[in-house]
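Here's the structure we're looking at; comments come further down.
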Amino acid sequence: MRSQHLLFKILLMVALLTISTVANATGNNHRTEDGKLKVLYHVDGNDLGTAKYAMALIKKHIEAEGGPDKIDIKLVVHGPALPLFKKETIDAELLKRFRTIVNKGAKPEMCQVSMKLMDAPIETLAPGFAPTEHPVAVKRIADLQEQGYLYIKP
């Protein structure tokens, strides 16, 4: 009887340790090694109001977390949203908001496939964009989510 009790205690401790380890691993997955919250914003529609709203949300999110040193924001833009960010025709208010989030540390990426299909090289877009790390934006979005980035689509 005593050995069964001891075995039960050992199994219980192993189970609790396993649960604790898994909880810590998944709980910390949304933070960079230096503690920044990882957040992904996704913009793919051609609605100017939604794009402006997304920029405002990103700005407020950076402020709410305590500043750029507390949050790592990726902005992935693709498809019908691309024309909204062409440097020659971008709405003045959208450009102002976009510049603000870039200056506050947000890292915008434009889909490589969208740029190719719309004949819009990175140089024709508002300054601050980088090409997506994967040519296909939805793959990039999935990769970022797998890396623990919290997904927000305004």
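No lab work stands behind these numbers, since they all come straight from the coordinates. Everything numeric here is computed off the predicted structure, so don't read it as measured data. Virtual Cβ from ideal backbone geometry, glycine too; neighbours counted across all protein chains shown.
Things to note:
- Among the trypsin sites (Lys or Arg not before Pro) in segment 26-103, those located in a DSSP loop and surrounded by at most 16 other Cβ atoms within 10 Å of their own Cβ are Lys87.
- Counting beta carbons within 10 Å around each of Met110, Met118 and listing the fewest first gives the order Met118, Met110.
- Computed with the Debye formula from one identical point scatterer per Cα of segment 54-101, without solvent, the log10 of I(q)/I(0) at q = 0.15, 0.21, 0.25 Å⁻¹ comes to -0.44, -0.77, -0.96.
- Ordering Phe85, Gly49, Asn103 by Cα displacement along the dipole of segment 41-105 toward the positive end leaves Asn103 in first place; charges were set at the Cβ atoms of Lys, Arg (+1) and Asp, Glu (-1).
- Phi angles across segment 57-70 convert, under the Karplus curve 6.51 cos²θ - 1.76 cosθ + 1.60 with θ = phi - 60°, into 3J(HN,Hα) values of 4, 4, 4, 5, 5, 4, 5, 5, 7, x, x, x, 7, 10 Hz, Gly and Pro given as x.
- Percent antiparallel among DSSP beta bridges (both partners in segment 31-152, rounded to 5): 10 percent
- Taking only the alpha carbons of segment 31-152, we obtain Rg and Dmax values of 13.5, 39 Å in that order.
- A simple spin-label model places the labels of Thr100 and Arg31 2.9 nm from each other, with each point 7 Å out along Cα-to-Cβ.
- 24 Å Cα-Cα threshold exceeded, pairs from Lys52/Lys153; Lys36/Lys116; Lys59/Lys116; Lys38/Lys87: Lys36/Lys116; Lys59/Lys116; Lys38/Lys87
- Under 10 Å, Cβ to Cβ, from Glu133 - net charge with Lys/Arg +1 and Asp/Glu -1: +1
- Segment Lys60..Asp143, full-extension length gain: 27.4 nm, with 0.36 nm per residue of separation and the alpha-carbon distance subtracted.
- Assigned charges on the beta-carbon of Lys, Arg, Asp, Glu; segment 29-154 dipole about Cα centre (debye): 240 debye
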